[in-house]
1. Can you name every residue in the range A:46-78 that is more than 28 Å from B:Glu5 (Cβ to Cβ) and touching a strand residue (DSSP E or B) at 6+ places or on another chain (Cβ under 6 Å)?
2. May I ask you to verify whether B:Met268 is part of a loop (DSSP other than H, G, I, E, B), more than 19 Å from B:Cys178 (Cβ to Cβ) and touching a strand residue (DSSP E or B) at 6+ places or on another chain (Cβ under 8 Å)?
3. Run down B:Ala77, B:Ala70 and say which single residue is closer than 16 Å to B:Leu168 by Cβ and out of contact with any Pro (no Cβ under 9 Å at 6 or more places or on another chain).
4. What's the number of the condition A:Thr159 fails, among (1) surrounded by fewer than 24 Cβ atoms within 10 Å (Cβ to Cβ); (2) away from chain B (no Cβ under 13 Å)?
5. In the range A:114-128, which residues are under 22 Å from A:Thr59 (Cα atoms) and either in a helix (DSSP H, G or I) or outside the structural domain of A:Ile85 (by TED's automatic domain parsing) (or both)?
6. Scan the range A:91-103 residue by residue and report those that are within 7 Å of chain B (Cβ to nearest Cβ) and not in a strand (DSSP E or B).
7. Any idea which of (1) surrounded by fewer than 24 Cβ atoms within 10 Å (Cβ to Cβ); (2) in the same structural domain as A:Val280 (by TED's automatic domain parsing); (3) among the small types (Gly, Ala, Ser) is the one A:Gly149 doesn't satisfy?
8. Any idea which residue in the range B:129-146 is surrounded by the most Cβ atoms within 10 Å (Cβ to Cβ), counting only those that are assigned to a loop (DSSP other than H, G, I, E, B) and touching a residue at least 40 places away in the same chain (Cβ under 8 Å)?
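The values are calculated or read from the model by the stated rules, or taken from the named source; none is laboratory data. Fair warning: this is a prediction, and the values are worked out from it, not measured in the lab. For neighbour counting, all protein chains shown are included, and Cβ atoms are generated from backbone atoms with ideal geometry for every residue, glycine included.
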Number of protein chains: 2
Amino acid sequence: MQTIEFKRRPKIIAGYTIAGPKEGQGNFGKYFDYVMHDDIFGEKTYEMAERKMFEQAVTGALQKAGLKSADINLLLAGDLLNQIISSSYTARAFNMPYLGMFGACSTMAESLAAGATLIDGGYFENVVCLTGSHFSTAERQFRFPLELGNQRVPTSQWTATAAGAAVLSLHGKGASVCMATYGRVIDYGVTDVNNMGAAMAPSAADTLINHFEETGRKPSYYDLIVTGDLGKLGSDILIDLLEEKGIKLGANYCDCGHCYYSRRQDTMCGASGCGVSASVLNGYILNKLNKGEYRKVLFVPTGALMSTTASGQGESIPGVSHAIVIEAGE
Amino acid sequence: MQTIEFKRRPKIIAGYTIAGPKEGQGNFGKYFDYVMHDDIFGEKTYEMAERKMFEQAVTGALQKAGLKSADINLLLAGDLLNQIISSSYTARAFNMPYLGMFGACSTMAESLAAGATLIDGGYFENVVCLTGSHFSTAERQFRFPLELGNQRVPTSQWTATAAGAAVLSLHGKGASVCMATYGRVIDYGVTDVNNMGAAMAPSAADTLINHFEETGRKPSYYDLIVTGDLGKLGSDILIDLLEEKGIKLGANYCDCGHCYYSRRQDTMCGASGCGVSASVLNGYILNKLNKGEYRKVLFVPTGALMSTTASGQGESIPGVSHAIVIEAGE
């Protein structure tokens, strides 16, 4: 069994999102709490800007929850930067006990799964789950110097500049975290660092197949199944892989990477980065759940476990995806 | 509260250690399950050697536990390499659901804390906690090219080539994981990447102070309090910091980094790396607990959240330490 159930249904009592200007003009822009005027956010480096976004996400989520940082038992966070520095320095800033995680763009699910376990099991009262990404820090770490102005290939995705934080608690009002399906690391041999969707889709398929098998549910059980960030190509591959197993994703399926930017923004296959699923969850999805427009959501962030070192040594890029069942509060 | 209690007392039903030749000649050498003949371990690169060590640690721990990889609900693992590739590719090899973590050299504690929560809460049956490090991969990623043959400064520590895996379960025999104290990220402004001990000691002090306060225990409650990898200087600083708070560590205290290598091995301040606490726990400590020579151990792995990017941008190096209470089985 990869799926666990949270019987006491920890609540997401607050979520906060911050995004860059390009992201603010995208399809989810109106659901973000704060849209930055520029990507550098008043800092000297993009890495410092990313960290400032993380800090604002935590501050904003705490304010919405009506909590102080001393009320938080644990910060569960991760990001794409080497040694997850955005997360660690944010933990330093808030003086919160800290569990660092790395699941690439699946981190929002990883942190919710681990955080919900701690709340549901009665170990902690309040935890914060946090992740995000920044176009300019990720591109220069994983691909090319920004100054190179490299041409983008049709399979490429645009790393979103966005962050999201969620406060989980047993008390208070909000959508409930009901289940988590931990994913396996799946690798179909993709070596192209500009084709993250194809690298991640098999892991999303594996996690979804296991989730549906173990819960006995069908895709139609959910009002929304949202993967992300597979992008256009990756989500097409996912649909194909599931159809081979007799599982049909219907109109209730979307990939948040695919639909993150508007068509006119010309990002090839869509968005990628931890910030995509983090900002879609804490912006759009929570909004719809809290309004009762969605009742049952299956949230499946997908991560490409890409490394320049491993790629340089001839390795392919494995993916990992975790699924979280989130339901509207009573 | 940073401390949580595991009432059902998950058991470490098996631990396995693998180490390099230098580590095998050190003070804990005779407790390791396997000592490699050389650091490259038959692979083409040191990174591949590190991964092979991780895989052997998991295989060995499963064999000792009498379990197959399909019996494992979750692999909780992390390492020092960018994007924790040793852990992720090991998860791929064993086809296990995977929770990637990053806490630098505190990872063995992080994975035990999160793993014990999942077992204690009744969510999972068996999980594997895994971490390790390799001298040659860490040095070239964090400091200098190996070929440079840089002179080592008196405060430097030697990154150990070692890995350890532990199988946690509710059933079976073994030492019990009874409590965890999650640590905060503490930074006293150390910027010297060759002085990890000073960077980490304040976080170890903070976690220990909180642990003793929250549990009402004194250091004398434990047969062994083991930090690591603070090294000689770091553990001296820790003793000072605690004395300022009126807490005296006695003869039951040791730092596993400080006492990892023999004096003749000339490693300056001792050992560092995730592999140090992982191999000391799964080798020496479990051995002594299972024999009844220790009854109560406070295991406090310490992590330096060092990043070349952050250091290059003028940041200091924060530390994080988590404490785990492990008691001998009945």
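1. Once the filter is applied, which keeps residues that are more than 28 Å from B:Glu5 (Cβ to Cβ) and touching a strand residue (DSSP E or B) at 6+ places or on another chain (Cβ under 6 Å), the range A:46-78 yields A:Met53, A:Phe54, A:Gln56, A:Ala57, A:Gly60, A:Lys64.
2. Details: part of a loop (DSSP other than H, G, I, E, B): yes; more than 19 Å from B:Cys178 (Cβ to Cβ): yes; touching a strand residue (DSSP E or B) at 6+ places or on another chain (Cβ under 8 Å): yes.
Criteria met by B:Met268.
3. Working: B:Ala70 fails: closer than 16 Å to B:Leu168 by Cβ.
After applying the criteria, what remains is B:Ala77.
4. Evaluating A:Thr159 over (1) surrounded by fewer than 24 Cβ atoms within 10 Å (Cβ to Cβ); (2) away from chain B (no Cβ under 13 Å) leaves (1) as the failure.
5. A:Ala114, A:Gly115, A:Ala116, A:Leu118, A:Ile119, listed by residue number.
6. The first filter runs over the range A:91-103 and keeps only residues within 7 Å of chain B (Cβ to nearest Cβ), leaving A:91-92, A:95-103.
Hits for the range A:91-103 are A:Ala91, A:Arg92, A:Asn95, A:Met96, A:Phe102, A:Gly103.
7. Evaluating A:Gly149 over (1) surrounded by fewer than 24 Cβ atoms within 10 Å (Cβ to Cβ); (2) in the same structural domain as A:Val280 (by TED's automatic domain parsing); (3) among the small types (Gly, Ala, Ser) leaves (2) as the failure.
8. First, pick out the residues of the range B:129-146 that are assigned to a loop (DSSP other than H, G, I, E, B): B:134, B:143-145.
Then keep just the ones that are touching a residue at least 40 places away in the same chain (Cβ under 8 Å); that gives B:134, B:143.
Working: B:His134: 32, B:Arg143: 17.
Result: B:His134.
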